[in-house]
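Some notes on the structure that comes next.
Derivation of every value follows stated rules applied to the coordinates shown; laboratory data play no part. Bear in mind the structure is a predicted one, so any value in this text is a computation, not a measurement. Note that we place each Cβ from the backbone using ideal geometry, even for glycine, and neighbour counts take in every protein chain shown.
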Amino acid sequence: MKEPERMINEVAQGLRGMDEAVSWFHSLDRDEQRAVLQEVVRYAMQAHVTAEDGRNGLARSGLKSTMTPAVLIAREPVLEQMGKIINLPPSEYPRSFRVLLSTFAVADTRRRETECRGACIHYWHNL
């Protein structure tokens, strides 16, 4: 498992905290940060993210609701908004990471509690 994959999934499962993930994210160069943002969005798509997940993720992210990534994640359609978030300027990457990771965590938790309950075969759900 690659480091970004492990970090993202461990945060989503509550095995690591958001502050640790944000510190790790800050240690990456801009190209790596952009790649991680894209990866979080791919995972959110696989978890069948919803607009409600986006609003709940925003609430968990610790961001003010007026910050650009926060405003976008609260709108529909959520996948289109996620595309806009990953295309924000690099100065927004840390806030984008927080809101996207929190949204993925909400969607992934929902999916683990419904579709994967009891017999999950996704290796990333069995860390």
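Can you compute the charge dipole magnitude of region 39-98 about its Cα centre, using +1 on each Lys and Arg Cβ and -1 on each Asp and Glu Cβ, nothing else charged? Give it in debye, rounded to the nearest 20.
For region 39-98, the charge dipole is close to 200 debye.
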Rg/Rh (Cα only; Kirkwood hydrodynamic radius) as it applies to the chain: 0.94
Gained length - residue 51 relative to residue 79, 0.36 nm times residue gap less alpha-carbon distance: 9.2 nm
Helix-only mean residue ellipticity at 222 nm for the chain, each DSSP H run of n ≥ 4 adding -39500 (n - 2.57), per residue, nearest 500: -20500 deg cm²/dmol
Relative contact order, percent, region 3-125 [alpha-carbon distance under 8 Å, six or more residues apart]: 36
For region 3-125, with +1 on Lys and Arg beta carbons and -1 on Asp and Glu, the positive-most of 12, 79, 38 along the dipole: 79
Inter-label distance for residue 60 and residue 2, nm, one decimal - labels placed 7 Å from Cα along Cα-to-Cβ: 2.3
Order by protection proxy (mean Cβ within 10 Å, highest first), peptides 95-103, 13-21: 95-103, 13-21
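Counting Lys and Arg as +1 and Asp and Glu as -1, each charge on the Cβ, what is the dipole of region 3-125 about the Cα centre in debye, to the nearest 20?
Roughly 320 debye for region 3-125.
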